[in-house]
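In what follows, a structure is listed as structure tokens, so that the remarks can point back to it.
Quick note: the coordinates plus some simple rules give every number you see, no bench work behind them. Note that the structure is a prediction, hence the values are computed from the model and not measured. As a convention, Cβ positions derive from the backbone with ideal geometry for all residues, glycine included, and neighbour counts pool all protein chains shown.
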Amino acid sequence: GAGVSQTPSNKVTEKGKYVELRCDPISGHTALYWYRQSLGQGPEFLIYFQGTGAADDSGLPNDRFFAVRPEGSVSTLKIQRTERGDSAVYLCASSLTGSTGVSYNEQFFGPGTRLTVL
Amino acid sequence: GNSVTQMEGPVTLSEEAFLTINCTYTATGYPSLFWYVQYPGEGLQLLLKATKADDKGSNKGFEATYRKETTSFHLEKGSVQVSDSAVYFCALQIGNQFYFGTGTSLTVIP
């Protein structure tokens, strides 16, 4: 079946512009995660959705970053007034249900969107 | 806080050599531990996991044991193949948050 897809695969924008990054999770997966991966680093947690609600947004670096998942499926990560430091690969992952302290549901990652802010 | 420290690369090995990639962690509470792999041009994939102390995760000839006493989760493989060339990430889970190491690039030469 289809995996997690992300669009666009590459996005080049100018400093100060607004961007939207889209994630299509695996059908039926209720949990969705956004990560940011800077060059030479591992993925850094940004936000986690369970269904339509943001269950944990503690990883968002500042209020320029916002994410939505209005129907509990597709999610959009929105970045306002982009800065050069926002340049990174933005990864999305989904899992069947959210992970708990007792059990774990495997996260399936998308290929990422490479954002370049000039 | 929660964090993962893994061996810096890049690592270059000959085919059939023994592989160890070190990973240590710091965590509040009792994390689950993972190794993810990223093959060239592909997305991150779960390689193996361990959810409690002394558990051993294994997959595709790779193994890692959750060592609470040394807060470690080292990845090992007895005989690497060219197809194992990839970037390997150690990660821990606390609640719904995942923390990744910086990744170790492995190249296996014939």
Any lysines whose Cα falls less than 18 Å from that of A:LYS15, other than same-chain ones fewer than 8 residues away, would be A:LYS78
Could you name the aspartates and glutamates whose alpha carbon sits less than 14 Å from that of A:LYS11, not counting residues in the same chain fewer than 8 places away?
A:GLU20, A:GLU83, A:ASP86
At a threshold of 8 angstrom on Cα-Cα distance, excluding pairs fewer than six apart, so keeping six or more, what relative contact order does chain A reach in percent?
36 percent
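DSSP loop (so not H, G, I, E, B), at most 11 other Cβ within 10 Å: list which chymotrypsin sites (Phe, Trp or Tyr not before Pro) in the stretch B:1-92 pass both filters.
Details: sites: B:PHE18, B:TYR25, B:PHE34, B:TRP35, B:TYR36, B:PHE62, B:TYR66, B:PHE73, B:TYR88, B:PHE89; in loops: B:PHE18, B:TYR66, B:PHE73.
Here the sparse-neighbourhood loop sites are B:PHE18.
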Give me the inter-chain shielding for A:53-61: mean count of other chain Cβ atoms within 10 Å, whole number please.
1
Evaluate peptide B:96-104: per residue, the Cβ atoms of other protein chains within 10 Å of its Cβ; return the mean as an integer.
6
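Only loop residues by DSSP count here, and only those with at most 13 other Cβ atoms within 10 Å; note down the GluC sites (Glu not before Pro) in the stretch B:58-103 that meet that.
Values: sites: B:GLU63, B:GLU69, B:GLU76; in loops: B:GLU69.
Here the GluC sites (Glu not before Pro) that fit, given the DSSP loop and packing criteria, are B:GLU69.
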Using +1 on the beta carbon of Lys and Arg, -1 on that of Asp and Glu, and nothing else charged, what's the dipole of chain A about the Cα centre, debye to 20?
400 debye
Set of lysines with alpha-carbon distance to B:LYS49 below 29 Å, sequence-local pairs under 8 removed:
B:LYS60, B:LYS68, B:LYS77
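Are there GluC sites (Glu not before Pro) in the stretch A:1-46 that DSSP puts in a loop and that have at most 16 other Cβ atoms within 10 Å, and which ones? Can you show the working numbers first?
On the way: sites: A:GLU14, A:GLU20, A:GLU44; in loops: A:GLU14.
The qualifying sites are A:GLU14.
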Using a Gaussian network model of chain B whose springs link C-alpha atoms within less than 10 Å, name the residue from B:GLY61, B:GLY29, B:GLY41 with the highest mean-square fluctuation.
B:GLY41
